[in-house]
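The values are calculated or read from the model by the stated rules, or taken from the named source; none is laboratory data. Model, not experiment: these values are computed from the prediction. So basically every Cβ, Gly included, is an ideal-geometry build from the backbone, and we count neighbours across all protein chains shown.
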Amino acid sequence: MKLFKKIALGFLVILILTAIAGYIYFDQKFTPEKNYLTVKNESGNIPITWLGNDKNVLLLPIHFSGNSETYYLQFDTGSAYTVFYSQSIEDIREISIDNEQAETSFFVGKTEISSDQFKIYKTNKDDKSDSIKIIGTLGADVLEDRKTLINFREDLVVLNVSSIPADFRNKLIDFKFKKRKIIIPGILKGEQRKFLYDSGTSAFEFLTYKEEWEKLKLKNSKVKIEKSKSWNNVLTTYTASCDQNIEFDHIKIPVKELTYVEGFSNAQFSLMKFSGMSGMLGNKIFLDKSIFIDCSDHKIAIN
């Protein structure tokens, strides 16, 4: 009997140590570096430019002082950092590149964003004749400790908002800005869930795991299968009809479609599962709404 107790105790110790090691690994792996941005001024209304008929990509125009050209950054709250694409910035004289980092200052509306540590993402040669010059990604670091308004109804964004808009003051709920990820609590099928909001996931309403997808989709729904590319990953998406709702305190948002994806890296799925999230919400589910995100007080409102 004592031998069995010792064996059981040994297994318990191993399980505890494994759990602790796993927590430390994921905590370190997904913890972003210190925010390197300097952000000044409220932006005013910044017009959204959409790519594709299905509004696949949300772009914001930017300008460099002394340069009349309009460039664009994808607004991606799923990215922890604001980054530039290597091939797209090599001819922009306002950007200095040193040791795989960029130093520059640019304007998004009236907001000035500057740093000497912008990350550079290596890209292949692109078509220099493109009418829309996309040179990087505006990440969630621009939200950190600041207030932001995304108005999908009027296709505009306001960065570095100075005060809470009147329309949102009585609708604020708590959310987590964990490791620069926007995690919103909500209710799905009567259960309390957590959802990651990712503005870089424009073309989809609700991305979830295959097991959850099987449970939530309509039984006789046709499945739309598409292939797309995200960074260096080739993804296959499976989208089906759904008739569920997600409740965010005062508001109920219908989920008409849900999608699961093959091709995501293990790290991306591990992050969602490690954080206990049910899935990822894209822009499509909010296209008739506005979202106010206060990362200084960790409050969010959907109107």
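Results for (1) touching a residue at least 12 places away in the same chain (Cβ under 8 Å); (2) under 21 Å from the mean Cα position of the chain (by Cα), shown as yes or no for each residue.
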residue	(1), (2)
LEU138	yes, yes
ASN151	yes, yes
VAL158	yes, yes
PHE168	yes, no
PHE177	yes, yes
ILE182	yes, yes
ASP198	yes, yes
ASN220	no, no
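Let's see how each residue does on (1) touching a residue at least 60 places away in the same chain (Cβ under 8 Å); (2) in contact with a strand residue (DSSP E or B) (Cβ under 9 Å, 6 or more places away or on another chain); (3) assigned to a loop (DSSP other than H, G, I, E, B):
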position	(1), (2), (3)
GLU69	yes, yes, yes
GLN74	yes, yes, no
GLY78	yes, yes, yes
PHE107	no, yes, no
Q | For ASP27: the one exception among (1) modelled with pLDDT under 60; (2) over 26 Å from ARG146 (Cα atoms) | A | (2)
Q: Go through region 30-63 and count every residue that is more than 18 Å from the chain's Cα centre (by Cα) and either among the small types (Gly, Ala, Ser) or assigned to a strand (DSSP E or B) (or both).
A: 11
Q) Counting only residues that are within 21 Å of the chain's Cα centre (by Cα) and farther than 23 Å from SER221 by Cα, how many does region 248-259 have? A) 1
Q.
Looking at LEU218, LEU188, can you tell me which residue is farther than 26 Å from LEU51 by Cα and in contact with a Cys (Cβ under 9 Å, 6 or more places away or on another chain)?
A. LEU218
Q: From the list GLU94, GLU112, GLU90, pick out the single residue that is over 26 Å from LYS181 (Cβ atoms) and in contact (Cβ under 8 Å) with a residue 24 or more places away in the chain.
A: GLU94
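In region 184-196, which residues are in a strand (DSSP E or B) and either at positive phi or under 16 Å from the mean Cα position of the chain (by Cα) (or both)? If you could, list the steps in order and put the result at the bottom.
Of all residues in region 184-196, those in a strand (DSSP E or B) come to 184-188, 191-196.
Matches in region 184-196: ILE184, PRO185, LYS194, PHE195, LEU196.
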